[in-house]
Every structure is written in structure tokens, then in C-alpha cells.
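Q: Input: one structure, supplied below.
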Amino acid sequence: KNQVEQSPQSLIILEGKNCTLQCNYTVSPFSNLRWYKQDTGRGPVSLTIMTFSENTKSNGRYTATLDADTKQSSLHITASQLSDSASYICVVSASPWNDYKLSFGAGTTVTVRA
Amino acid sequence: DAGVIQSPRHEVTEMGQEVTLRCKPISGHDYLFWYRQTMMRGLELLIYFNNNVPIDDSGMPEDRFSAKMPNASFSTLKIQPSEPRDSAVYFCASSLQGFYEQYFGPGTRLTVT
């Protein structure tokens, strides 16, 4: 069973609207959580990286939140643009001394329509 | 900066043939990672190197897969013999600090018929 579950699997939104993607994980212990954006035919690009003590981190119109107690994270996209159409992948890393053990979510495919 | 460079971008081969994928990491990065991405399994870490030394290859699916990093600017992932189930997109990534801020290449789409 995947230790990182993302929802929804896909969503369609109109340009200019906001949306929120969810990531629930069971990875333990926990070191950090990353959100990646992957455009079609391209490699993933890091959006945010959050450690245990961080609750919110922003990168432009992208805002990630983390609740380490409930093991949940969300990625909020504000005022969506056509260029936001991509797959968004949540990745969780275990403790620092075992940091290479990454658990990947299956991703959420976002389609922004004009 | 040219970013991580991978070649070829697309590879189509027949079952049983040897396939070699190539990667040039970002200059100065001392970690290099090989990933595989499929619709069914998503992104999977295959192997990673630190200072040209393989650290963990537990993600390599079978003995048919091997990876080398002869120097700081070049790595290969070889599949011999290839099978249809190896069809996937293979990504190379590099970083300065282990798994923080990994920079991915454009990927190689491998199709084994």
C-alpha cells in the first residue's frame, strides 16, 4: 500500500480560479515533504520543501501547508493560469539519517481551461 | 546553466536488446539519482550516487539493470536484456545536498517492443 495518497486524482478548473490538492501520508518517522510540478513531457520541478516544524510555505501563487500531527499536506493554487496545467506530486522523506528513502504519491493532474 | 542533460530523449528497441541511457548532471552537484516513472507505479527511485559512488541500489528492479558513474559529469543506466515491462520514462536528477532541491532532467522515454 502506498504510504503517500493524493487526492483528487485529477481536476479541471477555469482560469483564474483557485484549487487545493491534498496529500495524506503514513510515512514514519518524518523528515520533510515536497511538492513537485511536472509538466507533460518534462521532469518534475520542486515547488516547496517543508520540514517537520514548518506549517506553511509559499512559492508565488503556490502555497503548501503541512500538519505533521495529522500527517496531511495541501497545495493551494491561487488565481490559476493555463501554465498551471500539470501533474503535482507529493513526496515524503523519512528521518534525516535515512533521507534517501522517498515515498512518492501518484500525483494529481490539474487541467486549467480558459 | 544547461541543467541536467539526458540522452537519448526517446528510445525504441526490441525485446532482448541492450539499452543504455545517459545522464550529465549539473556541474558541481555531487549527488545523482536515477528514477523510473510509469502510469501504474508513478515515480520510483532506482539508484543514487554520492561523489560517483553508488550508495543505494535497492530500487533497481533486477540484475538486468546496472548503473555506473565513471566520473562526476557522466552516468549511465543500462538494461540488458530489455523487456517490454521496462517501458517507462527514466529520469536522471542531481543535487548538491542529497535529496534536497533535486533538479531533474527531461527524461528518456523508453519503449521496448
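Any read-out appearing in this document is the output of simple, stated calculations on the displayed coordinates, not a laboratory observation. Owing to the predicted nature of the structure, the values given are computational and were not obtained by experimental measurement. Heads up, the Cβs are rebuilt from the backbone with ideal geometry, glycines too, and the neighbour counts pull from every protein chain shown.
Q: DSSP loop (so not H, G, I, E, B), at most 13 other Cβ within 10 Å: list which GluC sites (Glu not before Pro) in region B:1-70 pass both filters. Don't jump to the answer; show the numbers that get you there.
A: Numbers: sites: B:Glu11, B:Glu14, B:Glu18, B:Glu44, B:Glu62; in loops: B:Glu14, B:Glu18, B:Glu62.
Counting only loop positions with at most 13 other Cβ atoms within 10 Å, the GluC sites (Glu not before Pro) in region B:1-70 are B:Glu14, B:Glu18, B:Glu62.
Q: Here is a follow-up. Running a GNM on chain A with Cα contacts under 10 Å, which residue among A:Ile77, A:Ile13, A:Ile89 ends up with the highest mean-square fluctuation?
A: Between A:Ile77, A:Ile13, A:Ile89, it is A:Ile13 that shows the largest mean-square fluctuation.
Q: What Kirkwood hydrodynamic radius, in Å, does region B:27-73 give when the mean of 1/r is taken over all pairs of distinct Cα atoms and then inverted? Intermediate results must be reported in sequence, preceding the final value.
A: Working: mean 1/r = 0.0874 Å⁻¹.
For region B:27-73, inverting the mean 1/r across all distinct Cα pairs yields 11.4 Å.
Q: Can you tell me the FRET efficiency between B:Arg9 and A:Asp69 if r is taken as the Cβ-Cβ distance and R0 is 45 Å, rounded to the nearest 0.05?
A: Values: r = 44 Å, r/R0 = 0.97.
According to the calculation, E is roughly 0.55.
Q: Any idea what the alpha-carbon Rg over 2.2 N^0.38 Å comes to for chain B? Write down the numbers at each step before the final one.
A: Details: Rg = 13.1 Å, N = 113, 2.2 N^0.38 = 13.3 Å.
Rounded to two decimals, the normalised Rg is 0.98.
Q: Taking the Cα centre of chain B as origin, sum charge times position over the Cβ atoms of Lys and Arg (+1) and Asp and Glu (-1), and report the length of that vector in debye to the nearest 20. Write down the numbers at each step before the final one.
A: On the way: 10 positive and 13 negative charges, 46 e Å.
Here the size comes out at about 220 debye.
Q: Quick one: among A:Ser53, A:Ser87, A:Ser73, which has the greatest mean-square fluctuation in a GNM of chain A with alpha-carbon springs under 10 angstrom?
A: Judging by the Gaussian network model, the answer is A:Ser53.
Q: Only bridges whose two residues both fall in the protein assembly as shown count here: according to DSSP, what percent of them are antiparallel, nearest 5? Present the calculation step by step, with values, prior to reporting the outcome.
A: Working: 76 of 85 bridges.
If we restrict to bridges inside the protein assembly as shown, about 90 percent are antiparallel.
Q: May I pose another question? Under 4.7 Å Cβ to Cβ, no partner at all: give me those cysteines from chain A, in residue order.
A: That list is A:Cys19.
Q: For the protein assembly as shown, what are Rg and Dmax over the alpha carbons, in angstrom?
A: 17.6, 50
Q: Going from the alpha-carbon gyration tensor of region A:14-114, what semi-axes, largest first and in whole Å, does one get by taking the root of 5 times each eigenvalue?
A: Details: eigenvalues 120, 41, 21 Å².
In descending order the semi-axes read 25, 14, 10 Å.
Q: Still on this structure, please answer the following. Could you tell me the center-to-center distance, by alpha carbons, between region B:8-63 and region A:25-86 in angstrom?
A: Comparing the Cα centres of region B:8-63 and region A:25-86, I get a distance of 24 Å.
Q: Out of the trypsin sites (Lys or Arg not before Pro) in region A:1-94, which ones are loop residues according to DSSP with at most 13 other C-beta atoms within 10 Å? Intermediate values should be presented prior to the final figure.
A: Values: sites: A:Lys1, A:Lys17, A:Arg34, A:Lys37, A:Arg42, A:Lys57, A:Arg61, A:Lys71; in loops: A:Lys1, A:Lys17, A:Arg42, A:Arg61, A:Lys71.
Loop-located and lightly packed - A:Lys1, A:Lys17, A:Arg61.
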